[in-house]
């Protein structure tokens, strides 16, 4: 019985995706954003095929506060989506 529960939890994570805290911070800093705060899994802002969905807030080089998500497939290039 415990194996079924473990498999069910693994299936849910596989279907819904994950967040990538380190990758998101690195990408945003490399893109010129400052004061990056990663907020965990992004429930909105990414396409269905993206497995990594990470919400964030940051400050642009011009000093404007923004919010968005970084989305990526398992082996693809991440994309920054601003909300």
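Computed from the coordinates by the stated procedures, all read-outs in this text should not be read as laboratory data. Model, not experiment: these values are computed from the prediction. Glycine also receives a Cβ, built like all others from the backbone with ideal geometry; neighbour counts cover every protein chain displayed.
Tell me, 26, 74, 53 in order of fewest to most beta-carbon neighbours within 10 Å?
In increasing order of surrounding Cβ atoms, one gets 74, 26, 53.
Round to the nearest 10 and give me the degree value, 0 to 90, for the angle of helix 2-16's Cα axis relative to the longest principal axis of the chain.
Long axis of 2-16 versus the principal axis of the chain: about 30 degrees.
For the residues 25, 48, what sequence is obtained by ranking on other C-beta atoms within 10 Å, fewest first?
Values: 25 18, 48 5.
Ordered from fewest to most neighbouring Cβ atoms within 10 Å, 25, 48 come out as 48, 25.
How big is the antiparallel share of DSSP beta bridges in the chain, given as a percent to the nearest 5? Display every interim value, and only then the final one.
Numbers: 17 of 18 bridges.
The antiparallel fraction comes to roughly 95 percent.
With everything on Cα atoms, drop me the angle between helix 21-30 and the longest principal axis of the chain, reported from 0 to 90° to the nearest 10.
20
Under a crude label model (7 Å from the Cα following the beta-carbon direction), how far is residue 9 from residue 22 in nanometres?
2.2
With a 10 Å Cβ neighbour count serving as the proxy for reagent exposure, in which order, fewest first, do 43, 18 appear?
Going from sparsest to densest Cβ surroundings: 43, 18.
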